[in-house]
Amino acid sequence: MRFEIKFSGHKNIRSNHKKTIEITKESELTIQGDCIIGVNASSSCFDLPSSLKEKLRDPKSVVQFSIKVAQHEFILQGRGHENLTLTHTEDIVIRKSDFVCPRTLAVKCDKASDLLPREMVKLLQDPKAEGTFTIIVE
């Protein structure tokens, strides 16, 4: 199963967080949101199809993520978790840890926003930049 979410850049994107990556439907971003890589996302956890949510709640699920901006692509992998609620209406957060809250989409991810290539971060600091966040669960 594959699901794509469109998002855009923002002048305050820093992508420095060592444990998470976040995209949000919000249009504003302060520099404190250092895990956020995109705003104006087309979907949040709440908006995901129920069939995808079901797969994400399986702790055996391996979840692959692709983040594309212009010619750049960043790929990472995480796991499902049985306690995911996937109910947050604004945000999606993927985490290196096992922490679960309504914003959590996947846990035990192998990368965080600090590893996003700096060329991508530079592009995402332009509010006109567009990106695609793809979720793939087999």
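The values are calculated or read from the model by the stated rules, or taken from the named source; none is laboratory data. Source: prediction; values computed, not measured. No Cβ is skipped: glycine too gets one built from the backbone with ideal geometry, and neighbour counts run over all protein chains shown. Just so you know, the surface numbers come from the protein's heavy atoms only, side chains and all, with ligands and any DNA or RNA stripped out. Shrake-Rupley method; radii C 1.70, N 1.55, O 1.52, S 1.80 Å.
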Output the residues belonging to the range 23-40 that are of a type in the set (G, A, S) and open to solvent by 10 Å² or more (accessible area, probe 1.4 Å). S27, G33
Among the residues of the range 3-11, are any more than 14 Å from the chain's Cα centre (by Cα) and without any contact (Cβ under 8 Å) to a residue 60 or more places away in the chain? no
Condition first: open to solvent by less than 30 Å² (accessible area, probe 1.4 Å) and of a type outside the set (V, I, T). Now tell me which residues in the range 87-109 satisfy that. D91, R95, C101, L105, A106, C109
Any chance you could count how many residues in the range 30-54 are modelled with pLDDT under 95 and farther than 22 Å from S97 by Cα? 2
Of all residues in the range 110-128, count the ones that are open to solvent by 50 Å² or more (accessible area, probe 1.4 Å) and of a type in the set (S, T, N, Q). 1
Test K60 against the stated conditions and say whether it is in a loop (DSSP other than H, G, I, E, B), over 12 Å from the mean Cα position of the chain (by Cα) and among the basic types (K, R). yes
Would you call I136 under 19 Å from E4 (Cα atoms) and open to solvent by 60 Å² or more (accessible area, probe 1.4 Å)? no
Exactly one of (1) assigned to a loop (DSSP other than H, G, I, E, B); (2) touching a Cys at 6+ places or on another chain (Cβ under 9 Å); (3) buried (at least 20 other Cβ atoms within 10 Å of the Cβ); (4) touching a residue at least 40 places away in the same chain (Cβ under 8 Å) is unmet by L84. Its number? (4)
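Mind checking which residues of the range 6-22 are part of a loop (DSSP other than H, G, I, E, B) and open to solvent by 50 Å² or more (accessible area, probe 1.4 Å)?
K11, R14, N16, H17, K18, K19
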Can you name the condition, by its number, that K68 falls short on among (1) in contact with a Gly (Cβ under 9 Å, 6 or more places away or on another chain); (2) crowded, with 19+ Cβ neighbours inside 10 Å; (3) closer than 17 Å to G131 by Cα? (2)
If we ask which residues in the range 71-81 are open to solvent by less than 10 Å² (accessible area, probe 1.4 Å) and over 15 Å from the mean Cα position of the chain (by Cα), their number turns out to be 0
Test set (1) open to solvent by 20 Å² or more (accessible area, probe 1.4 Å); (2) within 17 Å of P117 (Cβ to Cβ); (3) of a type in the set (A, V, I, L, M, F, W, C) - F3 fails condition number: (2)
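For the structure I just gave you, tell me whether L48 is more than 21 Å from N16 (Cβ to Cβ), surrounded by 15 or more Cβ atoms within 10 Å (Cβ to Cβ) and either without any contact (Cβ under 8 Å) to a residue 24 or more places away in the chain or of a type outside the set (D, E) (or both). Let's see the steps before the verdict.
Values: more than 21 Å from N16 (Cβ to Cβ): yes; surrounded by 15 or more Cβ atoms within 10 Å (Cβ to Cβ): yes; either without any contact (Cβ under 8 Å) to a residue 24 or more places away in the chain or of a type outside the set (D, E) (or both): yes.
For L48, the condition - more than 21 Å from N16 (Cβ to Cβ), surrounded by 15 or more Cβ atoms within 10 Å (Cβ to Cβ) and either without any contact (Cβ under 8 Å) to a residue 24 or more places away in the chain or of a type outside the set (D, E) (or both) - is met.
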